[in-house]
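Worksheet: the structure to be examined is printed underneath.
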Amino acid sequence: MTPRSRNINRLIAIAGIVAWVACSIASVSAQRRAVRPLDVYVVDVEGGNATLLVSPAGESLLIDTGNGGAAAPRDAGRIMAALHDAGVSQIDHLIITHWHGDHVGGLAELAARIPIRHFIDHGANVQPAPGIDEFLRDEYPRLYAKGTHTVARPGDRIAVGGLDVRIVSSAGQVLSTPLPGAGQPNPYCASFKPTTNSAEDAQSVGADITFGRFRALHLGDLPTTKEFELMCPNGRVAPVDVLLGLHHGQDTSNSEVLIHAVRPRVAIMNNGTRKGGWPIVMKTLFSSPGLEDVWQLHFSVLGGQEYTVPGLFIANRQDDQPATMPIAPAPAPSGPDAPPAPVHDGAAFWIKVSARDDGSFTVANGRNGFSKIYRARLRE
Ligand SMILES: [Zn+2]
Ligand SMILES: [Zn+2]
């Protein structure tokens with residue numbers, strides 16, 4: 001063999017190796033893309049809560065079941081639509097964050113439509129009310145007797161394949177040791193001002209959900225006093241990509257000690273037409289370091305145009321939709337003479353997050369088809 005043909009052979013061998021490496025990289029990234037995402041459906045239950053997570057393996061975790069009474073068939077139907085869209089035929093895990101009607105009201109109706117395997121709650125109701133106390137005494141034990149029942153404690157894991165789901169608050173207790181990536185001193189603690197709250201909100205079961213490098217947090221209606229306990233003096237939860245729920249966007253939750261410390265890229269608010277979406281909460285969100293977008297289930301008249309996001313980011317209208325929405329926020333009405341909130345019983349739409357394990361995610365508005373890709377951020 002001449003030196004020249006030896007060189008050619010060497011070049012061919014190198015080219016072969018380069019091609020093999022390039023192919024391998026391409027096929028690894030193709031496989032990565034083929035891995036199913038974690039899907040999160042934020043279902044519109046009119047200022048209540050129902051958030052469905054479906055793992056890449058198809059396991060489901062539902063957080064709350066919407067409203068009860070006359071609204072139960074509507075809300076259970078909307079949750080069923082999300083389950084159907086996800087191709088899910090049973091609810092593997094159900095967290096009831098707390099015993100308020102806008103979170104647990106639709107449970108019996110939903111349980112009549114789909115099997116529920118695992119019930120998770122904070123334990124006894126601490127805010128006596130006839131309807132819920134009767135339900136907890138007479139009906140709830142019959143429902144969880146068909147599956148399993150767990151009273152959650154901070155630090156517990158919920159076994160959802162492919163996800164790391166950790167309980168961060170329950171029954172008035174919060175996580176005592178920081179989750180991975182958390183534990184830093186929180187500079188917002190010094191200026192914290194507590195708000196008053198209802199007894200049951202403070203019992204909320206909160207969950208931190210990690211999928212690879214993607215992280216989300218849902219704290220039910222956990223009030224500011226408990227946000228302070230969870231985040232001060234050192235944060236027990238790490239920064240998140242998506243903050244879910246936000247207690248409908250009311251100011252009894254959503255303090256800076258929580259929001260500004262967990263620095264969500266995206267917040268998805270389960271507000272109603274006239275519930276939550278308060279100006280003070282919108283200000284806290286939009287002044288939060290690193291916040292990219294707020295998505296809302298409704299335009300809230302309590303925020304008005306002044307404190308809302310573009311319609312692209314709002315999933316639902318109301319049944320009798322006026323041509324224009326008010327600019328100024330309206331004060332929250334109270335008392336028996338308050339007019340009813342704008343009704344939305346018609347077609348309803350979710351906000352859907354599809355998260356990938358590299359930390360990137362897409363958020364989509366079910367009403368108008370608008371979606372936005374959030375690329376994986378470089379971790380410091
Ligand atoms: Zn609520
Ligand atoms: Zn509540």
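The table that follows gives values for the structure above.
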item: Residues Phe286 and Ser176, FRET efficiency given R0 of 51 Å [Cβ-Cβ distance, rounded to 0.05]; result: 0.95
item: Extension gain (nm, one decimal) between Ala145 and Gln127, 0.36 nm per residue minus Cα-Cα; result: 4.1 nm
item: Aspartates and glutamates with Cα under 13 Å of Lys146, excluding same-chain neighbours fewer than 8 positions away; result: Asp92
item: Test item: Cα-centred dipole of segment 197-293, Lys/Arg +1 and Asp/Glu -1 on Cβ, debye; result: 200 debye
item: Axial C-alpha extent at least 18 Å, average Kyte-Doolittle at least 0.0 - helices from the chain (DSSP); result: 3-34
item: Dipole in debye (nearest 20) - the chain, about Cα centre, beta carbon charges: Lys, Arg +1; Asp, Glu -1; result: 2160 debye
item: Hits among lysines - C-alpha to C-alpha of Lys226 under 19 Å, sequence gap 8 or more where chains match; result: Lys193
item: Prolate/oblate/rounded call for segment 100-218, Cα gyration tensor, a/c under 1.5 rounded; result: oblate
item: Pairs of alpha carbons in the chain whose separation is greater than 35 Å (percent); result: 26 percent
item: Cross-link partners of Lys372 among aspartates and glutamates (Cα-Cα below 19 Å; sequence separation of 8 or more within a chain); result: Asp39, Asp241, Glu292, Asp293, Asp357, Asp358
item: Residues Ile373, Ile91, Ile114, Ile63 arranged by fewest to most Cβ contacts within 10 Å; result: Ile373, Ile114, Ile91, Ile63
item: Order by protection proxy (mean Cβ within 10 Å, highest first), peptides 260-270, 215-225, 347-357; result: 215-225, 260-270, 347-357
item: Order of Ile120, Ile327, Ile280 - criterion: other Cβ atoms within 10 Å of each residue's Cβ, fewest first; result: Ile327, Ile280, Ile120
item: Computed [θ] at 222 nm, helices only, for the chain once each DSSP H run of length n ≥ 4 contributes -39500 (n - 2.57); result: -6500 deg cm²/dmol
item: Extension gain (nm, one decimal) between Ala323 and Phe370, 0.36 nm per residue minus Cα-Cα; result: 14.8 nm
item: Least to most buried among Phe228, Phe119 (fewest other Cβ within 10 Å first); result: Phe228, Phe119
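The numbers here are math on the coordinates, done by the rules we state, and not lab data. Only a predicted model underlies this, so the values are computations on that prediction, with no experimental measurement involved. Ideal geometry is used to build each Cβ from the backbone, glycine not excepted, and the neighbour counts take in all protein chains shown.
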